[in-house]
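Here is the structure we will look at.
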Amino acid sequence: MQDEVDLSKAPLLSHLLELRRRLLYCLLFFSVAFGISYYFAEDVYAFLLTPLADAFGDTENRRLIYTGLHEAFFTYLKLALFTAIFFTLPLALIQIWRFIAPGLYQAERKSFAPLLVMTPVLFSLGAALAFYGVMPLAWKFFISFESFGDTTGLAVQLEARVSEYLGLVIKLILAFGLSFELPILLFVLAKAGLVTAADLSRYRRHAIVLTFLIAAFITPPDLISQIALGTPILLLYEFSILLIRWTAADEKARERQRAMQY
């Protein structure tokens with residue numbers, strides 16, 4: 001009996017050691033990426049300022065400020081952390097996949113392998129839409145409230161803080177990037193038998209209301225950002241329904257559950 005217990009512990013210990021090794025790889029890569037990102041933090045920040053600079057047009061008399069002695073330093077740290085996570089995420093997904101793939105059937109590996117590729121691709125598409133599509137329009141909208149004092153007697157000019165601008169940019173990138181992961185989430189839920197294509201079609205009207213409600217909370221208070229986020233999410237929602245129907249993921253999950261019951 002003791003020998004059987006020792007044998008059962010051996011595979012678990014080997015799995016834990018493998019998991020620790022893969023986590024160390026991710027941590028080492030993250031540390032290197034963080035160091036490189038902090039070294040080039042000023043250049044990365046200059047790149048993120050591109051939509052604001054384009055919205056200003058003439059940047060000769062424009063500037064960003066910081067009001068605390070430590071604000072710029074912590075802003076660059078936050079930027080380096082965000083950049084390191086962004087570049088470490090694909091490696092982390094690969095390590096997770098290599099850890100769980102040996103325990104999956106061949107059919108399951110074939111169905112989940114494309115999701116591994118699509119996850120960073122969809123996130124990058126969402127981030128690109130936020131940076132190249134939404135930010136230029138939103139920044140022009142906010143800057144339009146500036147005035148030269150013709151009616152008030154005093155000029156009203158934007159002087160944004162470096163930390164506030166970075167926080168808003170990261171918030172938009174994360175909001176759009178994570179929202180674009182909706183097809184992955186719904187497909188996994190369908191594979192688990194928790195939702196079906198019919199359920200998603202039945203609650204389409206509820207999804208529309210919930211989508212724009214969430215978009216109103218996680219985007220700046222302007223209609224441009226809300227519509228720019230809500231519309232792609234609804235399109236991805238419809239794409240998820242088609243994907244589930246095309247792969248019959250929900251039907252296969254229900255058949256598997258019925259087979260397990262008997």
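The values are calculated or read from the model by the stated rules, or taken from the named source; none is laboratory data. Predicted, not measured: the structure shown is a model, and the values here were computed from it. In this analysis, Cβ positions are derived from the backbone assuming ideal geometry, glycine residues included, and neighbour counts consider all displayed protein chains.
Out of L178, L200, L166, L236, report the one residue that is in contact (Cβ under 8 Å) with a residue 40 or more places away in the chain and either farther than 24 Å from I85 by Cβ or of a type in the set (K, R) (or both).
Sole residue among the options that is in contact (Cβ under 8 Å) with a residue 40 or more places away in the chain and either farther than 24 Å from I85 by Cβ or of a type in the set (K, R) (or both): L200.
Just name the residue that is farthest from the chain's Cα centre (by Cα) out of those in region 106-138 that are among the aromatic types (F, W, Y) and at pLDDT 90 or above.
Y132
Regarding region 238-247, can at least one residue be identified that is in a helix (DSSP H, G or I), under 17 Å from the mean Cα position of the chain (by Cα) and under 27 Å from L115 (Cα atoms)?
The answer is no; no qualifying residue exists.
Sort out which residues of region 67-90 are in contact with a Phe, Trp or Tyr (Cβ under 9 Å, 6 or more places away or on another chain) and of a type in the set (S, T, Y), and write them in order of number.
Residues satisfying the conditions are T75, Y76, T83, T88.
Quick test for you: out of F47, F123, pick the one residue that is surrounded by fewer than 17 Cβ atoms within 10 Å (Cβ to Cβ), of a type in the set (F, W, Y) and under 30 Å from L235 (Cβ atoms).
None of the other options fit; the residue is F47.
How many residues does region 164-199 contain that are out of contact with any Pro (no Cβ under 9 Å at 6 or more places or on another chain), closer than 15 Å to P232 by Cα and not aliphatic (A, V, I, L, M)?
3
Being at pLDDT below 85 and exposed (fewer than 15 other Cβ atoms within 10 Å of the Cβ) is the filter; apply it to region 64-105 and report the residue that is nearest to T50 (Cα to Cα).
R98
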